[in-house]
Amino acid sequence: MPERATRERAQRDRRQGKAPSTQAGEFVREEIEHVREGKHGARSAKQAIAIGLSKARRAGVRLKPPKGVSARTTLGALKREGRGAASRGALSRQARGQARRRRRR
């Protein structure tokens with residue numbers, strides 16, 4: 001369940017007319033903080049981002065549906081994962097890889 005402050009920030013972004021990806025960014029930021037705090041783990045930075053986007057969709061942010069991915073993220077499985085997925089290096093690698101893929105198009 002997203003925190004109240006996160007939902008309010010996303011709603012403020014929506015009222016200001018910002019893009020859905022900006023609204024969803026609040027949920028992704030919250031999820032990365034959860035992994036860093038040790039509330040649960042994640043296998044990779046992509047997984048942490050995917051969980052945040054999923055929470056955003058459930059909260060009403062109008063994002064595109066995920067591309068053929070099954071919903072595996074049960075809380076028990078996440079508890080067993082590590083916290084390294086939300087490290088600065090892991091998030092940097094993930095962002096740089098995505099930027100590299102965008103340049104190829």
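Data overview
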| read-out | value |
| --- | --- |
| Accessible area expressed per residue, region 1-72, with surrounding protein chains retained (probe 1.4 Å, Å²) | 66 |
| Cut-off 11 Å between beta-carbons: net charge of the residues surrounding residue 44, Lys and Arg +1, Asp and Glu -1 | +2 |
| Neighbourhood charge, 11 Å Cβ-Cβ cut-off, centred on residue 14 and excluding it, Lys, Arg +1 and Asp, Glu -1 | +3 |
| For the chain: lysine pairs under 21 Å (alpha-carbon distance), excluding those fewer than 8 apart on one chain | 11 |
| Within the accessible area of region 1-104 (1.4 Å probe), percent carbon and sulfur | 50 |
| Spread of Cα-to-Cα distances over 5 Å intervals beginning at zero, given as percent, for the chain | 2, 13, 21, 22, 21, 15, 5, 1 |
| Value of [θ]222 nm, deg cm²/dmol, for the chain, DSSP H segments ≥ 4, -39500 (n - 2.57) each, nearest 500 | -20000 deg cm²/dmol |
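The values are calculated or read from the model by the stated rules, or taken from the named source; none is laboratory data. Remember, it's a predicted structure, so these values are computed and weren't measured experimentally. Glycine gets a Cβ as well: all are built from the backbone with ideal geometry, and neighbour counts include every protein chain shown. For the accessible areas, the whole protein counts, side chains as well, though only heavy atoms, and no ligand, DNA or RNA atoms are used. Shrake-Rupley method; radii C 1.70, N 1.55, O 1.52, S 1.80 Å.
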